[in-house]
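Visitor: If you scroll down you'll find the structure; I have some questions about it.
The values are calculated or read from the model by the stated rules, or taken from the named source; none is laboratory data. The structure presented is a predicted model; accordingly, all values stated were derived computationally and were not measured. Neighbour counts are summed over all protein chains in view; Cβ atoms, including those assigned to glycine, are modelled from backbone coordinates with ideal geometry.
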Amino acid sequence: MKRRTTSHDRRRTEQRLAASRNLDRMTTAQIVRLMNREDRKVAVAVGGELPQIAKAADAIVAAIRRGGRLIYVGAGTSGRLAVLDAAECPPTFGADPNTVIAVIAGGKKAITGAVEGAEDSAANGGRDLRAIKLSSKDAVVGIAASGTTPYVLGALKFAHQRKATTVVLTADRNSPLAKLATIVIAPEVGPEVLTGSTRLKAGTSQKMVLNMLSTASMVRLGHAYENLMIDVALTNKKLINRGLRILAEASGQDLSAAEHALRQSGHDLRVALVMLKRKVTASAARKKLKIARGQLRDALNE
């Protein structure tokens with residue numbers, strides 16, 4: 001991940017880790033042991049941010065309920081992690097592809113390779129959010145380990161102007177980016193084993209936090225039953241088999257009964273579950289879900 005070499009960066013994401021000063025003289029075993037020791041610090045650092053993460057997830061839920069979107073913004077590694085998390089929401093939770101989206105500096109080309117200078121334009125950050133018609137209904141999560149990336153700074157300033165909910169995920173709570181957000185999530189992971197390579201601990205912490213934000217939000221929005229992916233997209237053989245196992249587990253029925261209900265429901269796991277648990281037809285199950293406004297627990301009288 002490219003970084004601007006400002007004095008602020010050197011104080012935070014550009015600091016050197018004393019334990020890895022002789023990294024180039026270490027054996028392979030020593031390198032991986034050191035990295036493993038440092039990685040253990042990540043979960044602890046993320047744990048220190050749980051109140052802010054929960055606050056951000058609640059804000060995201062509120063945004064989506066009022067018709068808004070969850071919009072991630074990042075550059076380099078941060079942007080790619082955002083793209084990954086957003087891409088997983090439709091197949092995992094059955095979410096509309098436009099509900100969770102990622103905006104990355106440099107566009108699609110930047111997903112698989114570096115786009116030189118893409119992160120250095122603050123104007124492009126605002127431009128790209130304007131292009132997707134950002135509104136006050138949306139929640140924007142700006143992601144930058146250093147907290148100084150111009151592209152993300154520009155995006156957050158534009159989001160602030162549009163009165164969107166703003167969240168920042170950074171490794172430096174005192175960074176310029178953190179000052180622009182309503183909610184700041186800043187796991188303090190410390191210097192990297194390879195100085196300035198924030199694809200390491202900082203990137204791992206970002207992945208963990210993004211997992212929490214999207215999963216907690218989608219579960220709170222009703223896209224799970226117990227701890228099962230009730231809205232998983234049944235788009236291939238593996239996922240159809242997973243759907244059958246989910247249905248059997250959730251209903252307490254065998255796979256044969258689950259398969260029959262799934263066929264009768266038109267491969268709709270929610271409808272099939274109501275059929276099995278309430279012992280009704282597919283038509284009656286759909287009616288119950290409609291009356292419950294899609295709230296599965298209410299349709300099941302649970």
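Visitor: Tell me whether region 185-192 contains one or more residues that are more than 16 Å from Asp172 (Cβ to Cβ) and surrounded by fewer than 19 Cβ atoms within 10 Å (Cβ to Cβ).
Guide: no
Visitor: Can you name the residue in region 165-180 that is surrounded by 23 or more Cβ atoms within 10 Å (Cβ to Cβ) and free of Cβ contacts under 8 Å to residues at least 40 places away in the same chain and is also farthest from Thr149 (Cα to Cα) among such residues?
Guide: Checked region 165-180; the qualifying residue farthest from Thr149 (Cα to Cα) is Thr166.
Visitor: Also, quick follow-up: Given the conditions (1) at pLDDT 95 or above; (2) farther than 23 Å from His223 by Cβ; (3) acidic (Asp, Glu), and given that Glu88 satisfies all but one, which numbered condition is not satisfied?
Guide: Every listed condition holds for Glu88 apart from (2).
Visitor: Just for helices (runs of 4 or more DSSP H) wholly inside region 211-302: which have at least 3 residues that are exposed (fewer than 14 other Cβ atoms within 10 Å of the Cβ) and out of contact with any Lys or Arg (no Cβ under 9 Å at 6 or more places or on another chain)?
Guide: Ranges flagged: 237-251, 282-291.
Visitor: A further question on this structure: Restricted to region 170-191, and to residues that are under 15 Å from Pro51 (Cα atoms), assigned to a loop (DSSP other than H, G, I, E, B) and touching a helix residue (DSSP H, G or I) at 6+ places or on another chain (Cβ under 7 Å), which residue is modelled with the lowest pLDDT?
Guide: Taking the candidates together, the pick is Glu188.
Visitor: Residues being modelled with pLDDT of 95 or more and either at positive phi or touching a Gly at 6+ places or on another chain (Cβ under 6 Å) (or both): count how many of those fall in region 256-302.
Guide: 2
Visitor: Sticking with this structure for a sec: For Pro90, state whether it is under 26 Å from Arg242 (Cβ atoms), in contact with a Pro (Cβ under 8 Å, 6 or more places away or on another chain) and assigned to a helix (DSSP H, G or I).
Guide: Taking the combined requirement at face value, the residue satisfies it.
Visitor: Is it the case, given these coordinates, that Arg33 is in the same structural domain as Gly190 (by TED's automatic domain parsing), surrounded by fewer than 17 Cβ atoms within 10 Å (Cβ to Cβ) and assigned to a loop (DSSP other than H, G, I, E, B)?
Guide: no
Visitor: Mind telling me which of the residues Ser217, Ser205, Ser197 ends up being touching a helix residue (DSSP H, G or I) at 6+ places or on another chain (Cβ under 9 Å), more than 30 Å from Asp24 (Cα to Cα) and of a type outside the set (A, V, I, L, M)?
Guide: Exactly one residue qualifies, and that residue is Ser217.
Visitor: A further question follows. Suppose the filter is under 29 Å from Thr77 (Cβ atoms), among the basic types (Lys, Arg), touching a residue at least 40 places away in the same chain (Cβ under 8 Å) and out of contact with any Gly (no Cβ under 7 Å at 6 or more places or on another chain); does Arg220 pass it?
Guide: In short, yes.
Visitor: Looking at region 104-125 only, could you name the residues that are part of a helix (DSSP H, G or I) and over 21 Å from the mean Cα position of the chain (by Cα)?
Guide: Matches in region 104-125: Ala118, Asp120, Ala122, Ala123, Asn124.
Visitor: Here's a follow-up. Regarding Lys41, is this residue within 21 Å of Gly196 (Cβ to Cβ), at pLDDT 95 or above and of a type in the set (D, E, K, R)?
Guide: yes
Visitor: Within region 126-137, is even one residue touching a helix residue (DSSP H, G or I) at 6+ places or on another chain (Cβ under 6 Å) and more than 23 Å from Ala216 (Cβ to Cβ)?
Guide: Yes - at least one qualifying residue is present in region 126-137.
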